[in-house]
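The values are calculated or read from the model by the stated rules, or taken from the named source; none is laboratory data. This structure is a prediction, so every number in the text was calculated from the model and none was measured. Note that each Cβ is placed from the backbone with ideal geometry, even for glycine, and that neighbours are counted across all protein chains shown.
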Amino acid sequence: MDATLLTAIIGLLVIVAIAFIFLKGKSTKKGNALMITGLCQSGKTCLFFKLKDGKIVQSHTSVKENYAKFVPKIKFGNKSFDKEIEVVDIPGSTRVRKQLINEYLPITKQLIYVLDSSELDISANAEFLYDILTDRKLTDEVKPAITIIFNKSDISFYVKNQIKRDLEKELITIHNTKKHQHQSIDEDASSAPNPLIESKEFTFEGWSTFRNIPVNIEFCSIAAESDATFEKVIDSVISSL
């Protein structure tokens, strides 16, 4: 083989190897974004714009995500934030949410799921949360810390516990249904969602331990001018980004 041609081939192979290493490193790089999601009208877009603009704005149902990098305008007493964060608000529409979550999940470090406690649809929220909690990319690769906010939560401690337990019961019902469906059609195990949990009972605390992913459950009001729990939650989430 001609020496010049051999040198050219070796040079090309070196370039390909360097490119492969670079792309591999880039693809495994962890993100620092905050993803906000939940059903339509839950308060997630209200949260997005409260962080971005420091005030409550009227929002409407959309099939397109809100994405921005900004220094949060929200202030807690004398405290304000001085670093830029990356935030995406995923629509609650069933037509687009799964695609958009998969698109933005690789850059996500913190995930906030918002529920409307005043008009709580346990079944619809459990279906959405089941898709999130059994997502293989989330549970096996990205592993973002998860905060579940029960929004508009002017309710008693007993009612809060009951709502949480009702949601957990619905999640295990969905898990059992999906498991039986999967077994009945003898589907390839690699194409099935990850099991929600190994035990017969489901709790968010148990799932957190099972998957080694932090889960925080909070009851607060996003639109309130002053809510100590909300302020504590957002401070913790933003500070970790």
Filtering the stretch 65-81 for residues that are among the charged types (D, E, K, R) and either more than 15 Å from Asp53 (Cβ to Cβ) or at pLDDT 95 or above (or both) leaves a count of 3
Restricting the stretch 107-122 to residues that are out of contact with any helix residue (DSSP H, G or I) (no Cβ under 6 Å at 6 or more places or on another chain) and under 23 Å from Asp154 (Cβ atoms), the one surrounded by the fewest Cβ atoms within 10 Å (Cβ to Cβ) turns out to be Glu119
- Task: Determine whether the stretch 83-100 contains at least one residue that is of a type in the set (Ser, Thr, Tyr) and over 19 Å from Lys232 (Cβ atoms).
- Result: yes
Given the structure, is Thr147 assigned to a helix (DSSP H, G or I) and touching a residue at least 12 places away in the same chain (Cβ under 8 Å)? no
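Residues checked against (1) loosely packed, with under 13 Cβ neighbours inside 10 Å; (2) at pLDDT 65 or above; (3) within 17 Å of the chain's Cα centre (by Cα):
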| site | (1), (2), (3) |
| --- | --- |
| Ile15 | yes, yes, no |
| Phe20 | yes, no, no |
| Gly25 | yes, no, no |
| Gly31 | no, yes, yes |
| Cys40 | no, yes, yes |
| Cys46 | no, yes, yes |
| Lys50 | no, yes, no |
| Asp53 | no, yes, no |
| Ile56 | no, yes, no |
Asp154 being part of a loop (DSSP other than H, G, I, E, B), assigned by TED's automatic domain parsing to the domain that holds Ala223, surrounded by fewer than 13 Cβ atoms within 10 Å (Cβ to Cβ) and touching a residue at least 40 places away in the same chain (Cβ under 8 Å): yes
Checked Pro106, Pro91 against criteria (over 20 Å from Ser62 (Cβ atoms) and either in the same structural domain as Phe202 (by TED's automatic domain parsing) or not hydrophobic (A, V, I, L, M, F, W, C) (or both)); the one match is Pro106
Filter the stretch 87-113 for residues that are within 21 Å of Gly43 (Cβ to Cβ) and β-branched (Val, Ile, Thr); the one that is modelled with the lowest pLDDT is Thr94
Looking across the stretch 120-144 at residues that are assigned to a loop (DSSP other than H, G, I, E, B) and of a type in the set (Asp, Glu), the single one that is nearest to Leu47 (Cα to Cα) is Asp121
In the stretch 201-241, anything free of Cβ contacts under 8 Å to residues at least 24 places away in the same chain and of a type in the set (Val, Ile, Thr) is listed as Thr209, Thr229
Residue hits (the stretch 85-117; over 16 Å from Asn151 (Cα atoms) and hydroxyl-bearing (Ser, Thr, Tyr)) are Ser93, Thr94, Tyr104, Thr108
